[in-house]
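These notes concern the structure reproduced below.
The values are calculated or read from the model by the stated rules, or taken from the named source; none is laboratory data. Just so it is clear, the model here is predicted, and its values are computed rather than measured. Heads up, the Cβs are rebuilt from the backbone with ideal geometry, glycines too, and the neighbour counts pull from every protein chain shown. These accessible areas exclude ligands, DNA and RNA; they are computed on the full protein's heavy atoms, side chains included. Shrake-Rupley method; radii C 1.70, N 1.55, O 1.52, S 1.80 Å.
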Amino acid sequence: RIQNHFRRVVEDHVLKNDRVTSEGWLFAIYAELHLDARRPNVWAIRNLFDRALDNPRCAHNTGEAPPAVLLTPENSIKQQNKVRRALWTLYIDFEVKNGEYKRAKSLIYRAIRECPWCKGTRELGFS
């Protein structure tokens, strides 16, 4: 099937460990959401979200070394927090839209546990 071929191409060229970026993860998630117009593969999308959140390289915009300005610890942490918060928000919204409220609730607790310094993760439960 064309979907499986597309998934292999995304895995081989976009999500390679030496070149993976936050944009690559977001593209893979978006593509998986829209790959089958009738019914998206929920398990594959969850897998992509989990892998993106576990991957430390998704904090930078490119797979190359970040510019010198981003190398300061303060800028690096700010960038990582923005990416992490966006991924958590998208993941929780995905589960809510699929009617998986218990799973969304557990994701909110997981986001707070994994990113306690990020104020936005604490506010996810109220939005």
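Counting the residues of region 15-47 that are within 13 Å of the chain's Cα centre (by Cα), farther than 18 Å from I92 by Cα and open to solvent by 40 Å² or more (accessible area, probe 1.4 Å) gives 1.
Does G99 qualify as being modelled with pLDDT of 80 or more, of a type outside the set (K, R) and either more than 16 Å from the chain's Cα centre (by Cα) or part of a helix (DSSP H, G or I) (or both)? Spelling it out, G99 is indeed modelled with pLDDT of 80 or more, of a type outside the set (K, R) and either more than 16 Å from the chain's Cα centre (by Cα) or part of a helix (DSSP H, G or I) (or both). Looking across region 9-30, the residues that are assigned to a helix (DSSP H, G or I) and over 20 Å from V42 (Cβ atoms) come down to V9, D12, H13, V14, S22, E23, G24.
With respect to A65, determine if the residue is of a type in the set (G, A, S), open to solvent by 20 Å² or more (accessible area, probe 1.4 Å), at pLDDT below 70 and outside any helix (DSSP H, G or I). Walk me through how you get there before you give the answer.
On the way: of a type in the set (G, A, S): yes; open to solvent by 20 Å² or more (accessible area, probe 1.4 Å): yes; at pLDDT below 70: yes; outside any helix (DSSP H, G or I): yes.
So A65 fits the description; yes.
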